[in-house]
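Have a look at the structure below before the remarks.
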Amino acid sequence: MTTMLNVESVSKRFGGIIANSDISMHVNQGEIVGLIGPNGSGKTTLYNSIVGYHPIDSGSVQFEGQEISKMLVPQIARLGLLRTFQQTRIYGAMTCVENMLISVPHKEEGIFALLQRHPKADLERCDELMEFVGLYSKRHLMAGSLSFGQQKLLEFAMALMNEPKMLLLDEPTAGINPTLINGLLDRLLRANQEFGITLLVIEHNMRVIMNIAKRIYCLAHGQLLAEGGPNEIQNDPRVIDAYLGAH
Amino acid sequence: MDNIDILIQAPIFNVQLLLDGVLIGALFALAAYGMALVWGVMNIINIVQGEFVILGGFVAWSLFQVGVPPLFGIPAAAIALFILGYLLYKLVIFRLVDRDLFISLLATFGMSILLQQLMNEVFGADVQTVDTQLQSWFIFEGMVSVPQIKLLAFVLTLVIAVCLVVFMRKSRMGQAIRATAQNARAARILGIDTDKVYATTYGINAAVCGAAGALVVMSLTIHPFQGLAYTIRSFTIVVVAGLGNIAGVVASAFGLGVAEQYAGFVLGAEYQLAFVYLLLVVILMYRSFMLGRQRKYLK
Amino acid sequence: MSGIMSKKSGLEIGGFIAILIAAVVAPFLFPGLQTQLTMLWVMILIALTWDVVGGQMGYNSFGNVIFFGLGMYTTAVVQVGLFFDVGTYTDAQGAAGFALTTGQYFSGLALGLLISALIGVVFAVVIGTGLLGLRGHYFAIGTLGLGIAFGEIFAGWDWVGAGSGMVPPLFPSGIGLQPKVFYYFMMVLLTAVTFFSLRRLYAGRFGLAINAIRDDEDKAEAMGLRTTRYKTIAWAISALFLAIGGGLAGNVLGFIDPRDSAFAGATFGVWMVLMAILGGKGLLWGPVVGAIVFHVTQELFWTYLLGWQRVALGLLIVIIVVFFPLGILGWLRERKPELFGYRVEDEEAASEGNAS
Amino acid sequence: DTIRLGSAISLTGKYSTNGAHTKNGYDLAAKLLNDAGGVMVGGVAHKIEIVYYDDESTPARGAQLAERLIQQDGVQFLLGPYSSGLTKAIAPVTENYGVPMVEANGASRSLFTQGYKYLFAVLSTSEQYLTSAIALAAEIAEKEGKKASDVTIAGAFENDPFSQDVRAGVLADAEKFGMKVVIDDKLPPELNDMSATLTKVKALKPDVLVVSGHSKGAALAIRQLSEMGVQVPMLAMTHCDAADIIGQFGAAAEGALCASQWAPSLSYSDDLFGSAADFAKLFEDTYGYAPPYQAAESAAAVQVFADAIGRAGTLEANAVRDALAVTEIQTFYGNIKFDETGKNIAKPMVLYQVQDGEFQVVAPTKWASAKLRYPR
Amino acid sequence: MASETESEKKKRISGYGTGTVESVMSVDQVAKEAQALSEQRPDAATLRGYCKGEPFVTIEGLRAGYGKMEILHEFDLVVGKGQSLCLIGPNGAGKSTILHSIFGFTNIYGGKIFVGGNDITSLSPKEKLRDAGVAYILQDNSVFPDMTVEENLLMGGYLKNRPAEAKQSADRVFEKYTRLADRRHQRAGTLSGGERRLLEISRALIMNPEVLLVDEPSIGLEPRFIDMVFEILADLQNVEGKTIVMVEQNAKKGLEFADLGYVLVSGQLALAGTGTELLENPEVGRLFLGG
Ligand SMILES: Nc1ncnc2c1ncn2[C@@H]1O[C@H](COP(=O)(O)OP(=O)(O)OP(=O)(O)O)[C@@H](O)[C@H]1O
Ligand SMILES: Nc1ncnc2c1ncn2[C@@H]1O[C@H](COP(=O)(O)OP(=O)(O)OP(=O)(O)O)[C@@H](O)[C@H]1O
Ligand SMILES: CC(C)C[C@H](N)C(=O)O
Ligand SMILES: [Mg+2]
Ligand SMILES: [Mg+2]
């Protein structure tokens, strides 16, 4: 198994607040890894550090062996490392199809490629993915008029359209109805199996994380607290103490 | 640069320029307070700002014409403008709260054209001024002059600044304004009548502008189409100072006044404005660049 | 893709032909209105070019008038400078003795427009690098400040006539060509070229990219879009057409005033924004419709509300923005989304649209 | 029958006060002419009708309006707008359509170097505005035993065509006398503070300070000079009467020299208005304020048309143009005779000085009602 | 209710609960089946039956929405004094819209809302809080970021005439929740998500309302905070006797807490019952609790 993402001793502070301190973790190719921890423990900050939203204070981040801690957000995205946001972000004033089409991979292309029309292959793939997340019939609607849950699904489809190698998901199920959560998880698993996309997932919902993650990291107070399989983590006294609480 | 030579050989003129800059900066500060307030609390960029100033001037001028002692014009203009601001809020501005900032920019631009023309119809387009009979003090053997009316403006600026700060910290309305500025929906669920808060904020803004205008007509001149100059300067000041920072507004207004005086002296009056606006752009780009290094944006 | 009539259809082609015929016939049908008609095309052009950045990309610029003014001055300076010393020419304030031959005039004009286009693009790229990093209203204010600064600089610059302005060379007489008609058709041509170029651009990846930037720039970056590149290109395209338009407009107006016609932030600068909003910003046809409605209204106010026309205009602006922020076509799109290509595939899903 | 005159005038915008003076002048003259029975053209009395548009003080609009007046409203002749800038924008249009225009408020010399055939101006061009002031300064220097070339001049001129042309005149005169120009600032139209420029004046102590910036420049200069305690022996300005500096500033205005096209005390007269003083009285009775010269010259422009049309005996444009070109009359406003470029060469400028709260003509000597006070 | 059963229940479902995620249904399928469920929707009389004692908060035939779009169609609701109600349903069903309407943030096209027998449909938010004693805890962030924790709490007493009263209540809150007391002078903007939620809820205590509207109290919270928040709510209901109307996507936890449960689908009431009834209803479990 090759390591896809490797985070080494990453630290990040905001003024007096130490959001991440000396965090090391890795994700292997094809894995689904969970990231949990109390509110404010630095999970989102770690995502931001990985995909380049802010410079990190120290440490290194490697994606497929390449150092990315100095790169800019779009550059990293073009390498195939993509993230979703805690608050859903879609392009509200564009139709779903347009949302999808603009999400095609932005690899290398000259200025004139930007001015071209959409290749047929893109249109087909777009239809496939809309079908995949169950939004086919709504594909010509304005994305902004979709309901909360549908927007989450659209965002997920957009991420897939981008053909990422790895996806960082930030609380993909927060605020989603429990039954729909199941559907979303089903698609996450299929994306992992069928498209071979490596996943790193932040979640507070244990029902979710325990059911999809093979390995889980737990952060607390900006530090790595524990690492292990679902059962290990669930029964780790430190995790119970800092995060899960008594059952 | 001959003009720089003057400043080096006769340093006393630096004092005059600094003083003039600070004194005129005081007028700008008054115009800018309200803009910062309205921008911060209601998220509206108020282009009619300058017209409020000019209108305040015309109110003071009209009173002077009918024999009211000039200094009474200051509170009178403030009161008149407060009422106008309150009414304008009830008529138009309330529709702009919670809307795209751009909408407020354009709508208040429309209002500013409207107000300019109405002033033109009502007061005529003449250049007007009010002679307060206040003299100037001359210091350093007459080399440096301090017009008393400008000094009054300066003192008033500081007094109003302090009053605003105390009002915001201590009074109930001030508290409500602060809360609304930070989170309007939360303020509403706590029983704050945000509509009233907005109306009052806008009224206060207009009132301070009115007072500024009265001082302008007593220390400089006004005419109906001059408002934009004050609006743009308010912009610059607020952008440099940041929202909700009254001390910052005062400081950057003084800074702007001084910068203008020096630009006028050294580069010549023709480049005074160009200099100010370029300065604004440069400051914006600088701030954006500094934030950009942390991958943040000026929003 | 957004835009009424964006699909190839008989309706659309018919529409274009109708507009073409109207455009060709109008100046001869209403010879008294030639200048106003030319100005109408100028208005459409400036609204269209503003919309690239302001509407489609969501960067509300108050400084696009910079390119208009630069084009005006550049074209005039080239027209003059090819044959005379510009300083002497402006000093003499266009005194007789600076007449051009027909060949000189047209070659000067052509070269002037070309260089204007070039300068417009170069400037857009240069100032874009600094300004396009600003977001939201800071961008609006930054561009506004820059626009005013440009006006002031040109108003202080003696070489181009400073505050006295500059007069472009006189149109050669006795060649059987009316300057009005000539510039009318130049303007129609330029506007048409602009319109179709933009239409083509919006239909492809570029259009989507700038729309994405408008809706959520952070998201676009996170998806790997080269946002800076797109933003700069968009501004450069806008500047390109606008600068050429400015070059023509200077000759149409016959007198370049630094603040009142070239860098006229309070008139052309704001109107281009208003017209785009009035018609529906971010929609291809929006600025066109907005410009026509605005221009006609304004002309009517002018004629019938002597002295009060600006009061009426101010009121109109307030009413437009407060009550029709989506503009005419935006309003239409709300009512009739089908016209704009928004549709639900099957009825059933549509009726349950809000239960997800 | 009517004669249709058209004019784009500044009813709004930065020139709207002076625009109003202009319009009042036109209207008063038209009214008097009509009351007197109108203009006889080929034996038929024609009434005068003036069509106005508001140019909003912007040249671009002025040009379009001129065109509209000619093309749509079918006016036969044009009266000028206010200010050189607007006139500059309109003149090419009238020229293009071959419509004669008599203007009273565009003084910039550049208007008369373009070879325009249909443009006639009743006023003295702007370089003459302050010529006599500079000459006076030279004269005084020599009287005091200094050389004229020792005189130093400071200038602040608004950045618009008119004031810039005044500047050109002043600079040319200064060069003629070998005087040194120590300050040469351009005032922006949005001017609201001149203190930076005046600080320079204070530092450099010139003998003459020249200010030209329409009404605003005049008002600000007077106010800030006194506020800052700036002493200049000679202060020469334009637009003193339009800015009402005596009414607004009283004693602070004492001693200021003001260029004027006309004064009510001049000894010109005509059949329509009577003497200059009669005009002033009639105007004040009608409009409630004393006429600034802008109003007087505007009234004269209408008289010029009436005269020329009467002589031409037809309303045909070219005939009227030719009649205009040979105009030679006296009006209450002064003698009017155009040179081949269309400017009036029969009337000099006058220079007022504010003395004891009154405008007194001090130059040229022919009309002087008081002696120059120097230093002010 | 005896306190033992209370704590037993808590042991059963903690945080988001656990369980499998096998039952996969498409969005459209849920919508369709839920629509079918709502065919037999309960009438006003049935609703009244679930309410113990006099109805305190009543909604009759409410039609409301945003702009011109109607979201809620003929919605009824009855809650007794001191009772708690949990609203569940798919995303976009209109749950938040109900709370918005009660507080007056929507356009109401028809129907009436009563609290304690008084018609409050057209009162302003301020009057609702002052005269009818309705307080609202929003779904998303509602702290004042640049004010300190203490100032934030005191703002809860904005409508009180005597500031001293608010100060006292604030002190009581600090005594109870030391986690907040520790951060008393810290800017609220620097609090973590959980601490903010705590602050928002305890601020509602200072307002001392009769009726508390709570929108998704547990969203984005770590498991321990979820439990804590529900403890506070339980305290409010049982000790202070407040009436609570709550929306909760974490439906198991919500239904377990609440006396009454309503299921909302497409702006209409589909099912109603006691919390336990709904929790045990297999259809509800399959469609809304994730199996
Ligand atoms: N831009 C910032 N400036 C200052 N402090 C920040 C910033 N971003 C995050 N923090 C602080 O860093 C800490 C970690 O925040 P982060 O958002 O990473 O938490 P999290 O683990 O994602 O929490 P949650 O589960 O609530 O989303 C918090 O204390 C937060 O207040
Ligand atoms: N401010 C608004 N303007 C227009 N439509 C809105 C607004 N807020 C919500 N809606 C629409 O009203 C419907 C109901 O929204 P509501 O927020 O009540 O759903 P909800 O049941 O609370 O969903 P969730 O569980 O996702 O919070 C949705 O279709 C939504 O798109
Ligand atoms: C009549 C004048 C005062 C001259 C006028 N101001 C001009 O611009 O030419
Ligand atoms: Mg987070
Ligand atoms: Mg909700």
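The values are calculated or read from the model by the stated rules, or taken from the named source; none is laboratory data. Being a predicted model, the structure only gives us computed values, none of them experimental. Here Cβ is always computed from backbone atoms with ideal geometry, including for glycine, and neighbour counts include all displayed protein chains. Surface areas here come from the heavy atoms of the whole protein model, side chains and all, with no ligands, DNA or RNA. Shrake-Rupley method; radii C 1.70, N 1.55, O 1.52, S 1.80 Å.
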I'd like the interface area for chains C and D: accessible area of each alone minus the complex, both sides summed, 1.4 Å probe, protein heavy atoms only. What is it in Å² to the nearest 100? 2900 Å²
The Rg/Rh figure for the stretch E:148-291, Cα atoms and Kirkwood Rh, to two decimals is 1.03
Report, in deg cm²/dmol and to the nearest 500, the calculated mean residue ellipticity at 222 nm for chain B, where each DSSP H run with n ≥ 4 adds -39500 (n - 2.57) and the sum is divided by the residue count. -25500 deg cm²/dmol
Which chymotrypsin sites (Phe, Trp or Tyr not before Pro) in the stretch B:119-191 sit in a loop by DSSP (not H, G, I, E or B) and have at most 15 other Cβ atoms within 10 Å of their own Cβ? B:140
Virtual paramagnetic centre 7 Å along Cα→Cβ of residue D:147, amide N under 15 Å, in the stretch D:169-192: D:175-181
Value of relative contact order over chain A, rounded to a whole percent, pairs C-alpha under 8 Å and six or more apart: 26 percent
Residues in the stretch D:185-203 occluded by at least 30 Å² - accessible area, probe radius 1.4 Å, against chain by itself: D:186, D:188, D:190, D:192, D:193, D:195, D:196, D:199, D:200, D:202, D:203
Provide the buried accessible surface between chains C and B in square angstrom, both chains summed, 1.4 Å probe, rounded to the nearest 100. 3800 Å²
Tell me, what are the semi-axes, in whole angstrom and largest first, of the equivalent ellipsoid of the stretch C:40-342 as set by the roots of 5 times the Cα gyration tensor eigenvalues? 33, 22, 18
The stretch C:303-318 and the stretch B:108-152: distance between their alpha carbon centers, rounded to Å: 28 Å
Enter the mean number of other protein chain beta carbons within 10 Å of the beta carbon of each residue in C:67-73, as an integer. 0
Using only Cα atoms, find the angle between the long axis of helix C:286-304 and the longest principal axis of chain C, and express it within 0 to 90 degrees, rounded to the nearest 10. 60 degrees
Restricting the stretch A:185-247 to trypsin sites (Lys or Arg not before Pro) in coil, as DSSP defines it, with at most 16 other Cβ within 10 Å: A:214
Residues in the stretch A:148-166 that, when all protein chains are in place, have 40 Å² or more less accessible area than the chain alone would give (probe 1.4 Å): A:150
Express in whole angstrom the spacing between the alpha-carbon centres of the stretch B:197-264 and the stretch C:134-186. 30 Å
With only Lys, Arg, Asp and Glu charged, each at its Cβ (+1 for the first two, -1 for the last two), find how big the charge dipole of the stretch D:14-116 is about the Cα centre; round to the nearest 20 debye. 200 debye
Among residues other than residue D:327 whose Cβ falls under 10 Å from its Cβ, what is the net charge (Lys/Arg +1, Asp/Glu -1)? 0
iface E-A | buried accessible area, total | probe 1.4 Å | Å², round 100 | 2700 Å²
Taking the stretch D:140-202, which GluC sites (Glu not before Pro) meet the DSSP loop condition and have no more than 14 other C-beta atoms within 10 Å? D:144
If one takes the longest principal axis of the Cα atoms in chain E, at what angle in degrees, from 0 to 90 and to the nearest 10, does the Cα axis of helix E:27-37 lie? 70 degrees
What's log10 of I(q)/I(0) for chain D at q = 0.07, 0.09 Å⁻¹, Debye sum over Cα points only, no solvent? -0.30, -0.49
Suppose we flag GluC sites (Glu not before Pro) only when DSSP calls them loop and at most 14 other Cβ atoms lie within 10 Å. Which is the longest uninterrupted stretch of chain A? A:110-247
Quotient of C-alpha Rg and 2.2 N^0.38 Å, computed over the stretch B:3-296: 1.02
Using the scaling law 2.2 N^0.38 Å as the reference, what is the normalised Cα Rg of the stretch D:250-376? 1.21
To the nearest 0.05, the calculated FRET efficiency linking residue C:293 and residue B:291 through their beta-carbon distance, R0 being 35 Å, is 0.30
Write down Rg/Rh for the protein assembly as shown, rounded to two decimals, with Rg from the C-alpha atoms and Rh from the Kirkwood relation over Cα pairs. 1.03
Hey, what did chain C get for relative contact order, percent, Cα under 8 Å, at least 6 apart? 31 percent
When N is the residue count of the stretch A:3-245, what does its C-alpha Rg come to as a fraction of 2.2 N^0.38 Å? 1.02
Rounded to the nearest 10 Å², what accessible area does residue E:73 have for a 1.4 Å probe in the complete protein model? 50 Å²
Run the accessible area of the protein assembly as shown with a 1.4 Å probe and give the carbon-and-sulfur part as a rounded percent. 58 percent
Note to self, chain C gives a 222 nm [θ] from helices alone (DSSP H runs n ≥ 4, -39500 (n - 2.57) apiece, / all residues, nearest 500) of -22000 deg cm²/dmol
Lys, Arg +1 and Asp, Glu -1 on Cβ, resulting dipole of chain C about Cα centre, debye, nearest 20: 340 debye
Just going by the charge dipole of the protein assembly as shown, with Lys and Arg at +1 and Asp and Glu at -1 on Cβ, which of B:162, B:257, D:40 is farthest out on the positive end? B:162
Looking at the stretch C:132-147, residues buried by 40 Å² or more relative to their chain on its own, accessible surface at probe 1.4 Å, turn out to be C:134, C:135, C:137, C:138, C:141
Give the accessible surface of the protein assembly as shown per residue, rounded to a whole number of Å², with probe radius 1.4 Å and ligands, DNA and RNA excluded. 34 Å²
Roughly how many Å² of residue A:206 are accessible to a 1.4 Å probe, to the nearest 10? 20 Å²
By how many degrees, 0 to 90 and rounded to 10, does the Cα axis of helix B:227-241 deviate from the longest principal axis of chain B? 80 degrees
Relative contact order [Cα under 8 Å, 6+ residues apart], chain E, whole percent: 28 percent
Where the only charges are on Cβ atoms (+1 Lys, Arg; -1 Asp, Glu), what is the dipole of the stretch A:3-245 about its Cα centre, to the nearest 20 debye? 380 debye
Number of Lys pairs in the stretch C:40-342 with C-alpha atoms less than 28 angstrom apart, excluding same-chain neighbours closer than eight positions? 4
When the helices in chain D are scored as -39500 (n - 2.57) per DSSP H run of 4 or longer and the sum is shared across all residues, what 222 nm value do you end up with, to the nearest 500 deg cm²/dmol? -12500 deg cm²/dmol
Along the charge dipole of the stretch C:40-342, which of C:59, C:75, C:119 sits closest to the positive end, that is, farthest toward it, with unit charges on the beta carbon of Lys, Arg, Asp and Glu (+1, +1, -1, -1)? C:59
Taking a cut-off of 25 Å, what percent of all Cα-Cα pairs in chain E are separated by more than that? 47 percent
For the residue C:84, residue D:172 Cβ pair and Förster radius 22 Å, calculated FRET efficiency rounded to 0.05 is 0.50
